[in-house]
Amino acid sequence: MDSSVRAVEKLLGYRFQNKKLLEEALTHSSYIDSESYERLEFFGDAALGLAISKYLFIIYPEIDPGQLTLLHAVNISTERFARVAVRHRLYSYVQRRNVAALDGKVREFTEAVQQEDDTKVYGGDVKAPKVLADIVKSLAAAVYLDCQFNVTTLMMVRVSGDGWENKLDDKEVAAAIASQRSRGSGCSAGRGEDLIICL
C-alpha cells in the first residue's frame, strides 16, 4: 500500500498529512482487512459538487443559472468520473480481493474508452462501472478532509498536470450543454473532460 500511496500522492500533486485517509480511499469493500472507501465516496460526491459549482460560478460569470446547472450536471456523473479514473489508471492502485467479475467490467470499459477517438464520446457502448467513479469521489473526499475542508485546496489538486487552467471556449460550453440536454445520444462534449476539477 505504501507504493500506491506515494504514487497517488504524486499523481494528485498533493501530500497527505493523514495517509490513512488516502489508504482508505484506495480500499475496496472486498478487502475486508481495512476500512473501505464507501464512506469517503459518499462524502466525495458532495465535495466534488461543491468544488465544481465554485469553479463554474467563478470561471463562467456570463453564463445564466440554467446553463450553469447543465454544465454542473455534465461534470458530476459516473461516466465522467469513470473516464478520469481510466485516464489515470486509478483502479490499479485500489486494494481488492476476489473481484474477477468487477475486474472484467473495468477492463472492458477501459478498452472501450481507449479505442475512442479524441472527441471523447460520452455514453459509449460499454456502461461505466460505478467503482471507477467511486475511486475518484473517495480521493476527492480524502483530500477535502485532509486539507480541513478547504474547497480551494481541493480545487487546486490535479492529476498529472490536469487542472483548472483549461477554460472552455463558447463553442465547447455550448457543446457540453447540448450534450447534457440530449443525454443518451452519445453526444460529444469536445474538450469538456478538462472541466473535471481536481481529478
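P(r) tail for segment 4-55: Cα pairs beyond 15 Å make up 56% of the total.
Give the residue list of GluC sites (Glu not before Pro) in segment 36-120 that are DSSP loop and have at most 10 other beta-carbon atoms within 10 angstrom.
On the way: sites: E38, E41, E62, E79, E108, E111, E116; in loops: E62, E116.
Sites meeting the loop and neighbour criteria: E62.
Provide the gained length on full extension for the span Q148 to S92, in nm with one decimal, where the gain is 0.36 nm per separating residue minus the Cα-Cα distance. The partial results should precede the final answer.
Details: separation 56, 0.36 × 56 = 20.16 nm, distance 2.74 nm.
In short, 17.4 nm is gained.
Estimate the FRET efficiency between L102 and E62 by the formula 1/(1 + (r/R0)^6), using the beta-carbon distance for r and 35 Å for R0, to the nearest 0.05. After rounding, the FRET efficiency stands at 0.25. Sorting M1, M155 from the fewest to the most surrounding beta carbons within 10 angstrom yields M1, M155.
Give the shape of segment 61-149 as rounded, prolate or oblate, defined through the alpha-carbon gyration tensor: a ≥ b ≥ c are the square roots of its eigenvalues, a/c under 1.5 means rounded, and otherwise the shape is prolate if a/b is larger than b/c and oblate if not.
Values: a/c = 2.56, a/b = 1.26, b/c = 2.04.
Oblate shape, in that a/c is at least 1.5 and b/c is the bigger or equal ratio.
This ranking places F81, F42 by how few other beta-carbon atoms lie within 10 Å of each, fewest first, which gives F42, F81.
So between E9 and E38, what do we pick up on full extension, going 0.36 nm a residue minus the alpha carbon distance? List each step's numbers first, then the result.
On the way: separation 29, 0.36 × 29 = 10.44 nm, distance 1.99 nm.
Value of the extension gain: 8.4 nm.
Since every read-out is calculated from the coordinates, none of them should be taken as a lab result. Keep in mind it's a predicted model, so treat the numbers as computed, not measured. Cβ atoms come from the backbone with ideal geometry, glycine included; neighbour counts cover every protein chain shown.
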